[in-house]
Structures are given as structure tokens and as C-alpha cells.
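Chemist: This is the structure I want to talk about, given as C-alpha cells.
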Number of protein chains: 4
Amino acid sequence: MTPNLQAIVDEIVAAMAAETERGAPARYIPGLAALSTDRFGMAVVTADGATAMGGDAEMPFSIQSISKVFALTMALGKIGDQLWRRVGREPSGNAFNSIVQLEAEHGIPRNPFINAGAIVVADVNLSGHMPRESIGELLRFVRFLADDETIVVDEAIARGEAETGYRNIALANYMRAFGNIHHSVELVLGCYFHQCAIAMSCLQLAMAGRFLMLDGMQPGAGRVISPRRARRINALMLTCGHYDASGDFAFRIGMPGKSGVGGGILAVVPGKASIAVWSPGLNASGNSQLGTLALERLAEATGWSIFRARA
Amino acid sequence: MTPNLQAIVDEIVAAMAAETERGAPARYIPGLAALSTDRFGMAVVTADGATAMGGDAEMPFSIQSISKVFALTMALGKIGDQLWRRVGREPSGNAFNSIVQLEAEHGIPRNPFINAGAIVVADVNLSGHMPRESIGELLRFVRFLADDETIVVDEAIARGEAETGYRNIALANYMRAFGNIHHSVELVLGCYFHQCAIAMSCLQLAMAGRFLMLDGMQPGAGRVISPRRARRINALMLTCGHYDASGDFAFRIGMPGKSGVGGGILAVVPGKASIAVWSPGLNASGNSQLGTLALERLAEATGWSIFRARA
Amino acid sequence: MTPNLQAIVDEIVAAMAAETERGAPARYIPGLAALSTDRFGMAVVTADGATAMGGDAEMPFSIQSISKVFALTMALGKIGDQLWRRVGREPSGNAFNSIVQLEAEHGIPRNPFINAGAIVVADVNLSGHMPRESIGELLRFVRFLADDETIVVDEAIARGEAETGYRNIALANYMRAFGNIHHSVELVLGCYFHQCAIAMSCLQLAMAGRFLMLDGMQPGAGRVISPRRARRINALMLTCGHYDASGDFAFRIGMPGKSGVGGGILAVVPGKASIAVWSPGLNASGNSQLGTLALERLAEATGWSIFRARA
Amino acid sequence: MTPNLQAIVDEIVAAMAAETERGAPARYIPGLAALSTDRFGMAVVTADGATAMGGDAEMPFSIQSISKVFALTMALGKIGDQLWRRVGREPSGNAFNSIVQLEAEHGIPRNPFINAGAIVVADVNLSGHMPRESIGELLRFVRFLADDETIVVDEAIARGEAETGYRNIALANYMRAFGNIHHSVELVLGCYFHQCAIAMSCLQLAMAGRFLMLDGMQPGAGRVISPRRARRINALMLTCGHYDASGDFAFRIGMPGKSGVGGGILAVVPGKASIAVWSPGLNASGNSQLGTLALERLAEATGWSIFRARA
């Protein structure tokens, strides 16, 4: 462990408390809008098993799109590279663009981390299951990764999304029109909204991300996925993990990461650390304002970057 | 140096010679279309200064878009982060899309590695110069990086592009309509076409890329750019370096890289190696068919990937 | 009545029977795909009350998008020009484009004759009703216009669309995401699919269109709409009535008209005639191949065109 | 002649003088920006040869895009329906969209009245000529139509456009990249900018439009074009004559028409009248604010509309 990692985290937590530009919570999901932008948490688990954390690091929040990383990992376990016949691997540009391209590219979403792509992934994970089972399976996988049986779905959040998710219903029906959704849209979105509503703390998330920093190995539990697949998921997080700010995140921070509109970000430094930050206020790109800033500070303080000769 | 690096390169050169799917040369640039897809070259320069190469590694070819990396580095040296007011840092999706977004985003190209962005960079580099001086300055920079005074511009190629580059003229005029090109379009494109027509061998290119694997230091010559800027250029190459196949290149190969329609690719593994490959046949995405494959083999054989815990 | 109108119609019917390029039926709606492209019917009702017809002029077919004209007339009767806050009046370009613009223009469809616009119109017509009542109201209106109580909805067609209309479900949910659909998507589309499944013959359709050639007056029944509104509906049919071939239809035929994927076209020559043609084979633009050709012949033979000095 | 036509025109001129919402002149063309929005002129020439006019009806202004009607007529005379292999006949949606479609449709502009289409028409008219001759030919044609030898090109306006027309240069180069511009972009645009800079008064314009209201006959001079071609040009003006407000113009006014950013509009009522209005202030769609309003008043007062049973 970087000797002074806890000190670095403490400093960042203090700096974030003093920040005045804190963003605004996502408004379109009932249950997220009410969260205070005062909240900030951070947890770092290193490759050698040490942990540093601070702020609201143990308070559960809605992981939202971060769940796409775990769902993708599970879907690849089910059907392997066949998944790539139904989902692309390229960044998508802005949201407007992603719809245009869904149309131009015949219902094949650009990557598994935009909503359309994650809905296809949910469709894959639903195969041969009842929705309840599919969600149960994903939840068990996340609990296993985090080594924590207490992780649950926040049913109120899941219901809130199901009631207002017209745009996701539209996306799913588009793709169904192209034959790229195989189950009932209602069931697929039921799974998708529940997956997004999984509640985890920074500590739990950082623990769950360990296999991605360790070439697919889970400390104390053995291999989760092959080294090649771990590298590839990291690559997808780097190029597609932050909506239309993925390029900027790579530019400023230089770590594979995946953000969610709940204000969380999971970031991975292969061979070094699995990191989770959380603050509900979002910036203009829909990524956590303080979370992004905190990761930038951490990268500077530790020298962690995949684009650097030595850390 | 990886002890058996030359053996690995030899094996790849042999394997490439046996490949039957070799792609097709770019047709729209007179002078490139006639190149034989039999050609293949590869050169690797490691962080500790060793060199391995094979095939046509010392035959000069038109570096085309790879020049965007050197021009960007020079422009950042001139105006620093002010550049980002005029060029974005996000992947652009397909070519069709990049034009749509140029329009939607008021003449600000998505990144410095698509043509529109590189034309803005050429406009920046032209400031305060005559075109001949601007090209001379870039050429001197590339010679310095490659430590080779023999590198020249292939005037026939430059003239060929100037005569047929209607789409680039269109892009430049669009951006000028938005005020994002400051000099005469003719002069800017004159510089741009000459920059693309720089002729280099794999060995020269791999030498010229060393500063990007070494946090901005040039062996034997000192600091070229700051470590932060080196990381950031690497990040841009990873997210935007291969047109609409950037995501796939990151997924399969996991190295920052920049390709050109001349069939060359410069790839960087920070702390490990600067690599150049060349074969004129392009795949459907416009990147060298054998070049991409050769880098994938090299990544597998060496374990070099920025998404891996240990190499 | 043009003295030789029946002779003209007879000649056209004979000519159409000899045509070998007959298009292909719409495949995506079960129940339409099986129709024979041998079918062709034509009916003309003139301003002075004469009727000429031939071929399968009395065989009912699915009017599909032609229903949008009647539904629009009804919605304007309900809420008047307030409708134009929720629907535009501009041609939409191709289908791809209409989705892009729906997104760019915040859920306001370009005009009431593309699917998205007609779904908003159905939402307006549903206000204060149960779906069954709303469909009943439209059906009564169409029966009144055609002066024929036997007109019915083809329930098998309606069900077929409801089962496969994923793209329409997507459009409706998009617009709901923007707040431009006020009722449940399921109910609105239920009405929409039933409206499209109204079955009418050419004769019934030509009768139903009389008010549009007579400045809003229905012979024997009095005023249906104001002269201004009649002109305006005619204008919308001219600019937007044939998907992305509206310009070409105006160019070649010069009559306001509305086509449907069932192979029918309703055309109006103000002051002269209300015309309906039907043949299930569609051309590349989705309009009846023979229907379009027959109208072009009729326009040539009669001199009917709104772009002509004298007929 | 409608007995009270002069009285109607007088009333409209008076009403326009009292209007406070007068729009703003086009800013991007030097020489137009300085025009006073106080100006308003109107001229009506009827099918029976009568003339009514008022306001600044005899003051010359820059006809700009109205010239596209005359240039199209000339190009059709040169190559006939072969023109339609290089230009479409469909409305284009908004300006943003027209660029997207130019790209998607391989350099074929949507119609001859958007800039891209008019540039192709200018390229056709240039064939076999020097630019000076081509402009001379068009100018002679317009003088012949208006029966007025005093009409000239405003060279200052032409030069102003040539200096700032980067977007048009971009469009022309795009199309040249697709092979749809055959001459040097510089020469084609030279012709195009000169054609747009023709200066005419309302009276001259209304005179020049007579052949379109008379099925192609020019009073006192004989046939200019065939009746079919006259109808077709009218159809194109109706569907495509007012940029992205063409549908609205048809809806509100119901006459084929073509507007220009100089503030002029030429409108045609087949069999009834050729009308020109002018006022430099433009509305949000780029069409003359008072000109549009004046035509709407004229349509109401005279009953002239192609969508009406009787006038």
C-alpha cells in the first residue's frame, strides 16, 4: 500500500467538504432528487489488500449505471464473445447521437455502457430465467464480488424508474423492432431498473471492483474472469464509461471508470487499486462533480494513471 | 528489454507474410493507391533503449494522420490548454457523425485526431508563420524526436492531396464559417497536406514516439513535454486514435496508438515501448489490416497492455 | 362532370392491368402482406356529384395512414389551433430523419401525417374518452363523411399491428418522455392501431373526401369544417402526405393527397374532384406503385392540377 | 382584374406601415445588414395583364434566393430532366438537416432551392461557358422575363458574399468530393454569388414571374417553358420555397412562392396573379416578416389559394 494513502484520502475528503461547486442531483429519478449534495464518500482498496476510506464511505447509495459493469461481466460469462454481435464496443458521442446511431446501425447499440447497450445486456442475462431469478443472480454476483451479503435492491428506486422511464421503454422497443431484444420489453426493463437500483456503499463498490485491478482474480476467492476479459472490460470502461465525457475523464484522470447518475464512480488502476467515490451532485455531463474532482486529486497525489511510465 | 523481443518480432513478421487477408490501400490519395499490400514492417524501441525490428522497418512511407500526434504536441507547446477552447477531447463516432457533430457543436471538432480537429491544430501551428516556415518547424520537431535529419516531406503526395482534398476543404470552410479557422483555408490546408505527407520508416516513427512512453522525456535530449501532457496525449490516442475503431483497438490491443491511411500505426506502452508498424492494406475502418493484427500479436506475446495488472 | 370521365377511368384501369411493375405489399403488418398486387381500384367523385369508378373500386381495404386525415380533422374540431403547439406543419424528410428531428425538436413531431404526429393526434382525440368511445367517434365521423354506415374496423389487422408495432411504441414513449403524450401509451396506440385498421373501398374513400374539395362543405349534409381549415388540411396533404416522396408527388401529380401502406391514396382537386385509388403493391417510398401511376395518368388526361392556370 | 385590387394593395401597404414587429435584416451578408426595416413594397400583376402596386414597389433590392427560380428554369432548358439525377425534389427540413442529408445522400442535395441544390444548378448553367457569360445569360433571361433591360447585378453585394460565404464554399466542396460539382468551386460560386446579387424591384419581379402563372406563356412574347414544366416549378416552390417554413407558408398562404434573404418573396397564383413583396426584416425562419404577412392578407382579401375550390 502507498504508505500515506489514508492521509491522501483524508486530505481529499477535507478538500471536497470545502468545495462550493457541488453540482445538482439527477432530477428525473424520484428518490435521487432529494439527496443532499453535502454527501461525499471515498474508498480505496489496493492490490495488496489495504483499505483507506473517508467521508460517507459506508453509506449505501443507488449505483445506477455502475451496475452495467457487473451485468456485462455476467453476460460475458453466459454467452462470451457472441455478445458482440448484439452490442458494439465504440464510444457513442452524446445522448442525442446515440439514438441517431441506434437507428443508423440497425438497432445495435454502440457499447454496453450506454442505456441501450445495457438493456441488451439485461436481455441476455434474462435468458432462461424469470425476472426475479435474473435479478437475484446479479445480486448474488455483486454480493460475492463485494464479499458482503447485506447488499440489496432499493425497491422504491426501482419502482420510481419503472414509472418514469419512458425513454428507456422507447429505446427497448426500437431495438425490439430491429429484433435485438428477445424478451418482453416489460420484463427486460423490470430487470434493468432493478439492477440500477442496487444500493451499495463506496467500500462495497471498491471491494466489488477488485477483480478488475487484478487481471480477473478475486482475492481469497479465485478467478472470476480470464485476464483477457478483465483487460477488455477495463478498456470499455476507459473509452465508454462516462457518457459523452469519457474522453475527458481519460484525459484528466487516466483510469478506467464507470459513473452512475446516483453520483457514484467506480475507478480501477490495474495492479494498483480499486476505488469508489460518491457525491450526489452531478456536473453538466451527468457525472459526479465532486467524485470526478476527487479522483483527479487522487491521481495527482498517487501518480496512478494507466498512461504513465511509472507510478 | 524483454529478452526475446527480437524473436517475437521475427515471428510476427513471418506470420504477417503468411496472412492472406491483407486489406486494400487507400484509393483516394494518388500515390498511396499504388502501394503493394505485400509490404510489412515493424519496429520496437523499448524504454531501456533497445531496438527490435523486422520486415520493411526501414522503408519510408507516408505517415498521414500519425502526424497529428506531433502537430498536436507542437500546438500544445505554443498555446497550451487554450487549444481546448477550439478542439474537443471526445471520441467522434463514425465519419458521418463527425460532420453532424461539427455542425451541432458550432464548428468545434470533437478531438484533435479527426481531420477537422487536425486542421484546427494546423491553423494554430501556422500562427505568426508563413506556411513554409510552419511546415519546416514541424519537420524539424519530428527530426529532433526521431533523432534523424534525413526525414522529408514527400512533395508528390502533398500535391496529390491538395488537388483532391475537397472534403477537407469543405471541413475547413465550415469551421471558418464558425470562426474556428483564423488563417486562409488555402494556407492552412497547404500546411496540413504537407504535414500528412511526411515520409518516415517504422524505425524513425518508433524513435519519434519515445517521449510518449517516457512521461515526456526524450532519451539523450531531455524533457520534450511535461509528464502530465504526455499522459494526456496518450489518453487522446487511446480514446480517439483509430477513427471509429478506437474502442475496438483499445479492447483488442490496449495501447494508446494513432493510425494513418498510409498504413502506419504508432503505438505506445508507457514505461515499456514505442512501437511502429506499417502495411499499406487497410481494413474496413481505415486502419492497417496487418498493422492492427501485428500489434495484437505483440500485445499477446509481451503482455503489454495498459489495462493489465502486470506485464 | 368532365364528360368522358368514366372513359378516362376505364382506360386507366385497363392500363394498370397491363403494368408489370406492380410493387410489393407492406410486409411488416400481418394481414397486408398476403394481399395480391393484381388488385387495382379507382373511384372519382366530382364537385357536381357525378361518380366514375372501375376495377376493385368497391372492395374494402385497410386505409392505414389515410385515416390520419380524418383523425386530424376531428382533433382540429376538438381543440382547434391549439393542436399546433404539439405538432408541427413541416415536411419531415426521410424516416430516419423524422426520428432525429423528434429528438432535436423536443418531442414535437414535424407534422400530423408522420406516425409520431398521428399518435399525438390520437392522444388528443382520446381526451375525455375511453378508447372504445374514441374509436367509435372516429368511425361515426368517417361513416358520416362517406355517407355509408357499413364501414367497420378490421379487428384482425388492428390486433396484428398492436402485436408488432414496436417502433410506434418507441415513438410514443419518446414523446411521453417529453410530456407530449398525455394518456397511457397503451391506450393511445390502441386507438391509433384501430384507426389505421378502418376498412374502406375506393368509392367510400372518395365520398369521404368530398368536404376537402368543397371548401369544407359536405354535399347534402352541410358544413363540416370552415373553408380556411379545408384549405389548410389540403396544404398539409400536399406538403406532407406521402412520407419522403411528398415533393415528388406534388411535382408529378400536383394534387393534395394522402397515402397509406395498405396501398390506398386519397387525392383532392379543390373545386373539381375527390379521388381514391388502391393497389396493394408499394414503391420504394412506401406509396402505392399503381395508385401513384394511375393518379399521374388521371392528372394528365383531365388537366387537374392545383399548379395549373386552367383545367 | 379583381376590380378592387389596387384598393386591397393600398390597404395592405397602410397596414404594413403600422406593423411594429418588422423582423431584422440578414446580418451575414455585408450590404444587406444596413437596410432599413421601414421599407415595404408590393406589386401584383394579374393574368389579364393588370398591375397594382404600392409602397417601395419600384425600389430595387437584392433578390438573393429568388434567383434560384430563374436559374432552375434556365438549367431545365439546358439539360431537361437529367437535372434530377443531380438534385432531388423533396423538402429538406432545417438547415442542420440539409447538411446531414447531403452527407447521407452522397452529395445529392434535396432540392434546387436549398443552397446546395442551387449551387449544382449554377454548375449546370456554367457548362460550356466562362463565368461572365453564364451570369450574362441568366441576366438576359431575367431581363427578358421582366421585359426590362435595366436590371443589373449589384457587384458590391456579389463581392461581399464571395468574401464571407465560407459555408457555401464548404457545401460546394462537399459535393465536389462526391463528384456532383463538375467545374472549379471558385468559378461555380462566382456565378452563384452574382446570380444572388441581381437587383430587382417588386414590379420587375412580379413581371418576371408571369410565365409561372400562365402555364409557361409569357404575355406578348410566347412560350417560355412547357405547361408541365411550369406546373412542376410551381410545385417545387410550394414544397421547398421557404426553407424550413415551406409547410407553414403553404398552410397559411397557399401559394407557390420563393423567398430570399434580401427580404423579397415571389408568389404565384396559377391563372390569377404573379406577386412580389419586399421588406428587409426577416422572421425567425429567414423569410420576410412583413412580406409573409402581406401575402397572407392578400390571400384572405382575394381568396387566392391553390387549395380552395373557387376564388
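Chemist: So the check is Cβ under 9 Å with 6+ separation or different chains; which pairs have a first residue in the range C:113-125 that's assigned by TED's automatic domain parsing to the domain that holds C:Leu236 and a second one that's part of a loop (DSSP other than H, G, I, E, B) and surrounded by fewer than 24 Cβ atoms within 10 Å (Cβ to Cβ)?
Modeler: Sorted first by the residue in the range C:113-125, then by its partner, the list stays empty.
Chemist: If you scan the range D:258-283, which residues turn out to be surrounded by fewer than 24 Cβ atoms within 10 Å (Cβ to Cβ) and on the phi < 0 side of the Ramachandran plot? If you could, list the steps in order and put the result at the bottom.
Modeler: Pass one, the range D:258-283, residues surrounded by fewer than 24 Cβ atoms within 10 Å (Cβ to Cβ): D:261, D:271-272, D:281, D:283.
Of everything in the range D:258-283, those that are surrounded by fewer than 24 Cβ atoms within 10 Å (Cβ to Cβ) and on the phi < 0 side of the Ramachandran plot turn out to be D:Val261, D:Lys272, D:Gly281, D:Asn283.
Chemist: Right, something else. Please go through the range A:256-273 and give me each residue that is within 15 Å of A:Ile66 (Cα to Cα) and either without any contact (Cβ under 8 Å) to a residue 12 or more places away in the chain or within 11 Å of chain B (Cβ to nearest Cβ) (or both), ordered by number. Let's see the steps before the verdict.
Modeler: Taking the range A:256-273 first, the residues within 15 Å of A:Ile66 (Cα to Cα) are A:256-268.
Selection gives A:Pro256, A:Val268.
Chemist: Is it true that B:Leu189 is crowded, with 23+ Cβ neighbours inside 10 Å, touching a Gly at 6+ places or on another chain (Cβ under 8 Å) and assigned by TED's automatic domain parsing to the domain that holds B:Ala71? Steps first, answer last, please.
Modeler: Working: crowded, with 23+ Cβ neighbours inside 10 Å: yes; touching a Gly at 6+ places or on another chain (Cβ under 8 Å): yes; assigned by TED's automatic domain parsing to the domain that holds B:Ala71: yes.
Taking the combined requirement at face value, the residue satisfies it.
Chemist: Provide a single number: the residues in the range C:199-224 that are within 9 Å of chain D (Cβ to nearest Cβ) and under 20 Å from C:Gly262 (Cα atoms).
Modeler: 0
Chemist: B:Gly286: surrounded by 24 or more Cβ atoms within 10 Å (Cβ to Cβ), touching a helix residue (DSSP H, G or I) at 6+ places or on another chain (Cβ under 8 Å) and under 21 Å from B:Ala34 (Cβ atoms), yes or no?
Modeler: Against the criterion (surrounded by 24 or more Cβ atoms within 10 Å (Cβ to Cβ), touching a helix residue (DSSP H, G or I) at 6+ places or on another chain (Cβ under 8 Å) and under 21 Å from B:Ala34 (Cβ atoms)), B:Gly286 does not qualify.
Chemist: Return yes or no: is D:Ile99 in contact with a Gly (Cβ under 7 Å, 6 or more places away or on another chain) and either away from chain C (no Cβ under 14 Å) or among the hydrophobic types (A, V, I, L, M, F, W, C) (or both)? Explain how you work it out, then say what you get.
Modeler: Details: in contact with a Gly (Cβ under 7 Å, 6 or more places away or on another chain): no; either away from chain C (no Cβ under 14 Å) or among the hydrophobic types (A, V, I, L, M, F, W, C) (or both): yes.
The answer is no for D:Ile99.
Chemist: Does the range D:232-241 contain at least one residue that is farther than 20 Å from D:Pro280 by Cα and more than 10 Å from chain C (Cβ to nearest Cβ)?
Modeler: Scanning the range D:232-241, I find no residue that is farther than 20 Å from D:Pro280 by Cα and more than 10 Å from chain C (Cβ to nearest Cβ), so the answer is no.
Chemist: Determine whether the range A:289-301 contains at least one residue that is under 16 Å from the mean Cα position of the chain (by Cα) and open to solvent by 20 Å² or more (accessible area, probe 1.4 Å).
Modeler: Yes, because at least one residue in the range A:289-301 is under 16 Å from the mean Cα position of the chain (by Cα) and open to solvent by 20 Å² or more (accessible area, probe 1.4 Å).
Chemist: So the check is Cβ under 6 Å with 6+ separation or different chains; which pairs have a first residue in the range C:128-156 that's under 15 Å from C:Val69 (Cα atoms) and a second one that's among the polar types (S, T, N, Q) and surrounded by 12 or more Cβ atoms within 10 Å (Cβ to Cβ)?
Modeler: Close Cβ pairs satisfying both conditions: C:Leu138/C:Gln195; C:Ala146/C:Gln204.
Chemist: Next up: Name the one entry in A:Met42, A:Met53, A:Met59 that is open to solvent by 40 Å² or more (accessible area, probe 1.4 Å), part of a strand (DSSP E or B) and closer than 16 Å to A:Ile265 by Cα. Lay out the reasoning, then the answer.
Modeler: Numbers: A:Met42 fails: open to solvent by 40 Å² or more (accessible area, probe 1.4 Å); A:Met59 fails: part of a strand (DSSP E or B).
When all the criteria are applied, what remains is A:Met53.
This table checks each residue for (1) farther than 20 Å from B:Gly93 by Cβ; (2) open to solvent by 30 Å² or more (accessible area, probe 1.4 Å); (3) within 14 Å of chain B (Cβ to nearest Cβ).
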{"residue": "A:Ala104", "(1), (2), (3)": "no, yes, yes"}
{"residue": "A:Arg110", "(1), (2), (3)": "no, no, yes"}
{"residue": "A:Leu126", "(1), (2), (3)": "yes, no, no"}
{"residue": "A:Leu145", "(1), (2), (3)": "yes, no, no"}
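Chemist: Would the range B:62-73 turn up any residue that is outside any strand (DSSP E or B) and open to solvent by 40 Å² or more (accessible area, probe 1.4 Å)?
Modeler: Going through the range B:62-73, the residues outside any strand (DSSP E or B) turn out to be B:63-73.
Imposing the further condition that a residue be open to solvent by 40 Å² or more (accessible area, probe 1.4 Å) reduces the set to none.
No, that holds for no residue.
Chemist: Being part of a helix (DSSP H, G or I) and over 17 Å from D:Asn115 (Cα atoms) narrows it down to one of D:Asp248, D:Asp215, D:Asp244, so name that one. It would help to see each step written out before you state the result.
Modeler: Values: D:Asp215 fails: part of a helix (DSSP H, G or I); D:Asp244 fails: over 17 Å from D:Asn115 (Cα atoms).
Unique residue meeting the criteria: D:Asp248.
Yes/no per residue for (1) modelled with pLDDT of 95 or more; (2) open to solvent by less than 10 Å² (accessible area, probe 1.4 Å); (3) more than 28 Å from A:Ala34 (Cβ to Cβ):
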| residue | (1), (2), (3) |
| --- | --- |
| A:Arg159 | no, no, no |
| A:Glu163 | no, no, no |
| A:Asn173 | no, yes, yes |
| A:Ala177 | no, no, yes |
| A:His182 | yes, no, yes |
| A:His194 | yes, no, no |
| A:Ala197 | yes, yes, no |
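Chemist: Evaluate the range C:282-291: report whether one residue or more is farther than 24 Å from C:Arg27 by Cβ, touching a residue at least 24 places away in the same chain (Cβ under 8 Å) and within 14 Å of another protein chain (Cβ to nearest Cβ). Step through it out loud before you land on a result.
Modeler: Of the residues in the range C:282-291, the ones farther than 24 Å from C:Arg27 by Cβ are none.
Taking every residue of the range C:282-291 in turn, none turns out to be farther than 24 Å from C:Arg27 by Cβ, touching a residue at least 24 places away in the same chain (Cβ under 8 Å) and within 14 Å of another protein chain (Cβ to nearest Cβ).
Chemist: A further question follows. Can you tell me which residues in the range C:74-89 are assigned to a helix (DSSP H, G or I) and open to solvent by less than 50 Å² (accessible area, probe 1.4 Å)? Give the derivation first.
Modeler: Just the residues of the range C:74-89 that are assigned to a helix (DSSP H, G or I), to begin with: C:74-85.
Listed by number, the residues that qualify are C:Met74, C:Ala75, C:Leu76, C:Gly80, C:Leu83, C:Trp84.
Chemist: Looking at (1) open to solvent by 10 Å² or more (accessible area, probe 1.4 Å); (2) under 20 Å from C:Pro25 (Cα atoms); (3) within 8 Å of another protein chain (Cβ to nearest Cβ), find the lone condition where C:Pro227 falls short.
Modeler: For C:Pro227, the exception is condition (2).
Chemist: Would it be correct to say that D:Gly93 is within 19 Å of the chain's Cα centre (by Cα), of a type outside the set (A, V, I, L, M) and assigned to a helix (DSSP H, G or I)? Don't jump to the end; show me each part of the working.
Modeler: Working: within 19 Å of the chain's Cα centre (by Cα): yes; of a type outside the set (A, V, I, L, M): yes; assigned to a helix (DSSP H, G or I): no.
No; evaluated as a whole, the condition is false for this residue.
Chemist: For the range B:261-284, what are the residues that are part of a loop (DSSP other than H, G, I, E, B) and either of a type in the set (A, V, I, L, M) or over 15 Å from the mean Cα position of the chain (by Cα) (or both)? Break it down stepwise before answering.
Modeler: Within the range B:261-284, the subset part of a loop (DSSP other than H, G, I, E, B) is B:261-263, B:270-272, B:279-281, B:283-284.
Passing the criteria: B:Val261, B:Pro270, B:Gly271, B:Lys272, B:Gly281, B:Asn283, B:Ala284.
The values are calculated or read from the model by the stated rules, or taken from the named source; none is laboratory data. On a predicted model such as this, the values are computed, not experimentally measured, just so you know. Don't worry about glycine lacking a Cβ; one is built from the backbone with ideal geometry, like all the others, and counts go over all protein chains shown. Note: accessible area is taken over every heavy atom of the protein model, side chains too, but ligands, DNA and RNA are not part of it. Shrake-Rupley method; radii C 1.70, N 1.55, O 1.52, S 1.80 Å.
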